[in-house]
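The values are calculated or read from the model by the stated rules, or taken from the named source; none is laboratory data. If you're wondering where the values come from, they're calculated on a predicted model, not measured in any experiment. Cβ atoms come from the backbone with ideal geometry, glycine included; neighbour counts cover every protein chain shown.
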Amino acid sequence: MRICVIGTGYVGLVGSSVFADWGNEVIGVDNNPEKIKMIESGVMPIFEPGLRELVAKGISSGNLRFTDSLKAGINDAEIIFICVGTPMGEDGSADLKYIYQVADEIALEMKTPKIISIKSTVPVGTNKKIREYIKNKTSVEFDSVSVPEFLREGSSIEDMNQTDRTVIGSNSPEAIEKVSRLFEHLNSPIVKCDLESAELIKYASNSFLATKISFINEIAQICDLSGADVSKVAQGMGLDSRIGPKFLNASIGYGGSCFPKDVQALYKTSSDLGYHFNILESVIKTNKDQKHYFIEKIKKVYGEGLKGKTVACLGLAFKNDTDDIRESVAIEVVRILRDMGAEIKAFDPEAMPNSKKVLGDSGITYCATKEDAVTNSDFLVILTEWREFKELQDSVLISVKDKNIFDGRNLLDRTKLGNLGINYYCIGKK
């Protein structure tokens with residue numbers, strides 16, 4: 001198929017490269033010509049495992065091209081995927097200004113019938129509104145389709161190739177069948193539905209996963225009070241096929257570009273529809289409180305102030321295998337520790353350049369290695385679940401002056417640390 005993907009962020013750039021790898025003719029569009037040049041030269045604007053190689057493969061094969069001209073991108077395309085950002089507005093709703101900007105350009109430049117699919121995460125009713133918006137600006141026929149993405153940063157290429165399901169929503173059965181052909185080679189179900197159901201499936205899925213995270217974090221607090229072990233509780237829960245083991249890892253809370261934004265947006269949508277979503281209100285509150293619960297563990301040892309203390313902070317990205325710091329709880333914790341007077345020695349394998357833009361240099365040293373960050377710091381805080389943080393040598397761990405480690409991701413082994421004479425503080429875990 002001939003496909004145009006508008007937007008070269010996480011969803012757009014991954015989507016265009018994978019579509020091309022499936023044998024389609026793909027044009028990726030971005031209105032930033034410098035960004036296009038970077039991508040074509042092999043410099044990715046985001047970190048995603050395997051992405052640089054897949055983009056290079058697509059360009060080399062001729063299946064993948066990039067342009068800063070939307071007109072050139074959509075000219076021969078059969079399907080247009082809109083993959084621009086929908087950031088959270090001040091009132092919690094999704095900001096759709098970039099969707100409308102793209103809709104304006106499509107209406108202006110579209111000369112032949114197309115299928116227009118919004119792959120960005122948008123509130124219920126958005127596809128119908130955008131359809132009417134474009135129809136009022138052009139006489140060219142087109143179909144509207146919603147194909148929400150279900151990608152996890154750090155494993156998005158794998159997720160596209162081995163998806164649990166594909167959701168395709170439209171009021172046109174013909175458009176649904178045509179778009180289905182793009183995904184029919186995948187060994188997974190295709191959910192065919194109306195536009196509104198497709199939009200809500202995305203929000204409901206992310207909000208449910210966020211609910212699992214907040215639930216296990218509250219269970220972890222009960223474990224701390226009762227002496228139970230949250231890792232064992234989660235294991236016992238996860239073996240129930242109705243629950244499953246994923247997203248039951250106690251931590252400092254969820255972050256990133258999706259969960260906080262999508263949970264807030266669904267809560268706002270429900271309020272706009274006249275329904276008070278009690279569970280989501282609690283999920284949001286629990287997640288906001290969780291980082292303070294972690295900070296209280298530090299305060300119980302050091303008091304309210306950390307002046308004169310040097311703290312090693314491992315992890316700045318909102319999760320492992322990404323450089324994304326949007327709504328990163330790790331960044332929030334670093335800010336709190338700095339505000340308490342601590343000098344920070346920070347390390348993250350990928351997210352330090354982005355972190356410098358929001359944290360600056362005041363009170364923070366960005367270290368070249370995890371060992372540099374930890375060695376001779378007064379205490380250690382683990383904030384992101386990078387696998388390599390489990391592999392610190394004993395000689396590095398025992399160099400922590402106060403022999404205190406606060407693990408916000410429950411990565412380390414308490415018994416091992418105890419044998420090294422280190423005090424280990426984690427979340428709900430013995």
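Among the listed residues A56, A94, A77, which satisfies the condition of being of a type outside the set (K, R), buried (at least 18 other Cβ atoms within 10 Å of the Cβ) and more than 18 Å from M1 (Cβ to Cβ)?
Among A56, A94, A77, only A94 is of a type outside the set (K, R), buried (at least 18 other Cβ atoms within 10 Å of the Cβ) and more than 18 Å from M1 (Cβ to Cβ).
State whether the residues of region 351-362 include one that is over 30 Å from S214 (Cβ atoms), of a type outside the set (D, E), buried (at least 20 other Cβ atoms within 10 Å of the Cβ) and free of Cβ contacts under 8 Å to residues at least 60 places away in the same chain.
Among the residues of region 351-362, not one is over 30 Å from S214 (Cβ atoms), of a type outside the set (D, E), buried (at least 20 other Cβ atoms within 10 Å of the Cβ) and free of Cβ contacts under 8 Å to residues at least 60 places away in the same chain, which makes the answer no.
Kindly establish whether E388 is under 21 Å from F247 (Cα atoms) and surrounded by fewer than 20 Cβ atoms within 10 Å (Cβ to Cβ).
yes
Whether any residue in region 224-242 is modelled with pLDDT of 95 or more, in contact with a Ser or Thr (Cβ under 9 Å, 6 or more places away or on another chain) and among the β-branched types (V, I, T) is what I want to check. Steps first, answer last, please.
Of all residues in region 224-242, those modelled with pLDDT of 95 or more come to 224-242.
Next, only the ones that are in contact with a Ser or Thr (Cβ under 9 Å, 6 or more places away or on another chain) stay: none.
No; the residues of region 224-242 include none that is modelled with pLDDT of 95 or more, in contact with a Ser or Thr (Cβ under 9 Å, 6 or more places away or on another chain) and among the β-branched types (V, I, T).
With outside any loop (DSSP other than H, G, I, E, B) and either outside the structural domain of G255 (by TED's automatic domain parsing) or surrounded by fewer than 17 Cβ atoms within 10 Å (Cβ to Cβ) (or both) as the only criterion, which of S188, S197, S120, S139 stands out?
Being outside any loop (DSSP other than H, G, I, E, B) and either outside the structural domain of G255 (by TED's automatic domain parsing) or surrounded by fewer than 17 Cβ atoms within 10 Å (Cβ to Cβ) (or both) holds for just one of S188, S197, S120, S139, which is S197.
In this structure, is A368 at pLDDT 95 or above and buried (at least 22 other Cβ atoms within 10 Å of the Cβ)?
No; evaluated as a whole, the condition is false for this residue.
For region 275-304: of the residues being under 18 Å from G408 (Cα atoms) and of a type in the set (V, I, T), which is surrounded by the fewest Cβ atoms within 10 Å (Cβ to Cβ)?
V301
Which of the residues spanning region 229-274 are surrounded by 16 or more Cβ atoms within 10 Å (Cβ to Cβ), of a type in the set (G, A, S) and either touching a helix residue (DSSP H, G or I) at 6+ places or on another chain (Cβ under 8 Å) or not assigned by TED's automatic domain parsing to the domain that holds F294 (or both)?
Selection gives A234, A250, S251, G253, G255, S257, A265, S270.
Just wondering, is there one or more residues in region 234-251 that are touching a Leu at 6+ places or on another chain (Cβ under 9 Å), in contact (Cβ under 8 Å) with a residue 60 or more places away in the chain and hydrophobic (A, V, I, L, M, F, W, C)? Working first, answer last.
Of all residues in region 234-251, those touching a Leu at 6+ places or on another chain (Cβ under 9 Å) come to 234-235, 237-238, 245-247.
This time we only want the ones that are in contact (Cβ under 8 Å) with a residue 60 or more places away in the chain, so: none.
The answer is no; no qualifying residue exists.
Out of region 156-170, which residues are among the polar types (S, T, N, Q) and surrounded by 20 or more Cβ atoms within 10 Å (Cβ to Cβ)? Explain how you work it out, then say what you get.
The first filter runs over region 156-170 and keeps only residues among the polar types (S, T, N, Q), leaving 156, 161-163, 166, 170.
Once the filter is applied, which keeps residues that are among the polar types (S, T, N, Q) and surrounded by 20 or more Cβ atoms within 10 Å (Cβ to Cβ), region 156-170 yields S156, T166, S170.
Within region 339-348, restricting attention to residues that are part of a loop (DSSP other than H, G, I, E, B) and surrounded by fewer than 21 Cβ atoms within 10 Å (Cβ to Cβ), which residue is farthest from the chain's Cα centre (by Cα)?
Top of the filtered list is G341.
For region 1-31, which residues satisfy the criterion of being surrounded by fewer than 20 Cβ atoms within 10 Å (Cβ to Cβ) and farther than 22 Å from S355 by Cβ?
M1, R2, D21, W22, G23, N24, E25, N31
Can you find, within region 142-185, the residue that is nearest to the chain's Cα centre (by Cα) among those that are of a type in the set (S, T, N, Q) and not in a loop (DSSP other than H, G, I, E, B)? Talk me through it step by step, then tell me what you get.
Step one: filter region 142-185 for residues of a type in the set (S, T, N, Q), giving 144, 146, 155-156, 161-163, 166, 170-172, 180.
Keeping just the survivors that are not in a loop (DSSP other than H, G, I, E, B) gives 144, 146, 156, 161, 166, 170, 180.
Details: S144: 26, S146: 20, S156: 10, N161: 18, T166: 19, S170: 26, S180: 26 Å.
My answer is S156.
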